[in-house]
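What follows is a single structure, written as structure tokens, with notes after it.
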Amino acid sequence: MATTSLSRRSFVRVAGLAGGLAALGAPRATAAADGAEQPPADGHEALRRLLAGNLRWARGHARHPHQSGRRRRDVAGGQAPYAVVFSCIDSRVPPELVFDCGLGDLFVVRTGAHALDDVTLGSVEYGPAATGTPLALVLGHERCGAVHAAIEPIERHGGAAPGHIGAIVRALEPAYRAAKDRPGDLEDNMVRAQTELTVARLRGSSLLRNTLVVGGRYDLDTGRVDLLP
Ligand SMILES: [Zn+2]
């Protein structure tokens with residue numbers, strides 16, 4: 001899929017967030033050093049790069065790239081990450097580790113069970129809109145605690161939960177409805193449904209129309225990420 005980024009100026013015009021963009025760091029078109037590869041030509045190449053890093057991680061051959069002082073200095077003045085990863089807050093699924101990458105490689109957005117609201121959607125849109133990030137990966141994972149915790153409130157308490165956790169529970173209700181009649185394990189089906197629904201919603205964003213949006217599932221036991229069909 002071809003990628004056509006919005007210029008920084010046009011993004012500012014669209015979003016009216018000039019100050020915020022400056023705080024996040026000006027986009028930069030070229031990759032930095034520390035053994036850096038050329039920027040991926042498109043979302044498919046970015047996806048291959050992500051999955052290659054995941055394979056190194058899963059096989060115990062992680063290189064931990066882009067974590068040197070040199071890399072830190074190279075990206076201090078600007079960033080051009082090649083992917084957005086939208087994933088769960090789970091402590092066992094840190095994207096920079098499971099995709100074996102480092103500073104300046106990823107925009108990372110994380111919420112409980114990758115629940116999506118307007119703030120998180122805007123956060124996912126930022127990279128593609130401002131720096132032409134060609135790929136957005138929605139990453140669910142095995143044995144998601146947030147999904148597990150949401151089922152009882154949905155089934156027995158009308159979605160009510162303490163504090164602001166109820167917002168996550170309510171955000172997961174569509175995934176519950178999509179998953180409850182599927183054969184197999186309800187929790188795992190909910191993780192997959194939540195990922196699928198999130199991918200569909202991202203694909204509906206006008207700012208992501210030139211971005212490859214895919215969903216995946218991380219296996220806690222093997223360390224592997226499998227793309228969802
Ligand atoms: Zn989770």
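Here are the numbers for this structure:
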| item | result |
| --- | --- |
| So P128, is it without any contact (Cβ under 8 Å) to a residue 40 or more places away in the chain and not acidic (D, E) | no |
| Candidate set from the stretch 125-150 (those that are open to solvent by 20 Å² or more (accessible area, probe 1.4 Å) and of a type in the set (A, V, I, L, M)); member that is farthest from the chain's Cα centre (by Cα) | A149 |
| When residues of the stretch 94-120 are limited to those that are in contact with a Cys (Cβ under 9 Å, 6 or more places away or on another chain) and either under 23 Å from H44 (Cα atoms) or among the hydroxyl-bearing types (S, T, Y) (or both), the one nearest to the ligand (Cβ to nearest atom) | H114 |
| Some residue of the stretch 150-158 being assigned to a loop (DSSP other than H, G, I, E, B) and either touching a strand residue (DSSP E or B) at 6+ places or on another chain (Cβ under 8 Å) or under 21 Å from V93 (Cβ atoms) (or both) | no |
| The stretch 87-112, residues that are out of contact with any Leu (no Cβ under 7 Å at 6 or more places or on another chain) and either in a strand (DSSP E or B) or basic (K, R) (or both) | C88, L106, F107, V108, V109, R110, T111 |
| Search result, residues across the stretch 175-206 that are under 22 Å from A130 (Cα atoms) and open to solvent by 40 Å² or more (accessible area, probe 1.4 Å) | A200, R201, R203, G204, S206 |
| Residue within the stretch 106-114 that is at pLDDT 95 or above and basic (K, R) present | yes |
| Condition met for V169 (open to solvent by 10 Å² or more (accessible area, probe 1.4 Å), touching a Pro at 6+ places or on another chain (Cβ under 9 Å) and either hydrophobic (A, V, I, L, M, F, W, C) or part of a loop (DSSP other than H, G, I, E, B) (or both)) | no |
| Any hit, the stretch 164-179, residues being over 20 Å from the mean Cα position of the chain (by Cα) and within 12 Å of the ligand (Cβ to nearest atom) | no |
| The stretch 94-114, residues that are of a type in the set (V, I, T), surrounded by fewer than 21 Cβ atoms within 10 Å (Cβ to Cβ) and under 23 Å from E173 (Cα atoms) | T111 |
| In the stretch 121-146, residue farthest from the ligand (Cβ to nearest atom) [restricted to those that are within 22 Å of P39 (Cβ to Cβ), in contact with a helix residue (DSSP H, G or I) (Cβ under 6 Å, 6 or more places away or on another chain) and not aliphatic (A, V, I, L, M)] | P134 |
| Considering residues of the stretch 64-93 that are open to solvent by 40 Å² or more (accessible area, probe 1.4 Å) and within 16 Å of the ligand (Cβ to nearest atom) only, the residue nearest to L106 (Cα to Cα) | I89 |
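The values are calculated or read from the model by the stated rules, or taken from the named source; none is laboratory data. These numbers come from a predicted model, not from an experiment. For neighbour counting, all protein chains shown are included, and Cβ atoms are generated from backbone atoms with ideal geometry for every residue, glycine included. Side chains are part of the model used for accessible areas, which takes the heavy atoms of the whole protein and leaves out ligands, DNA and RNA. Shrake-Rupley method; radii C 1.70, N 1.55, O 1.52, S 1.80 Å.
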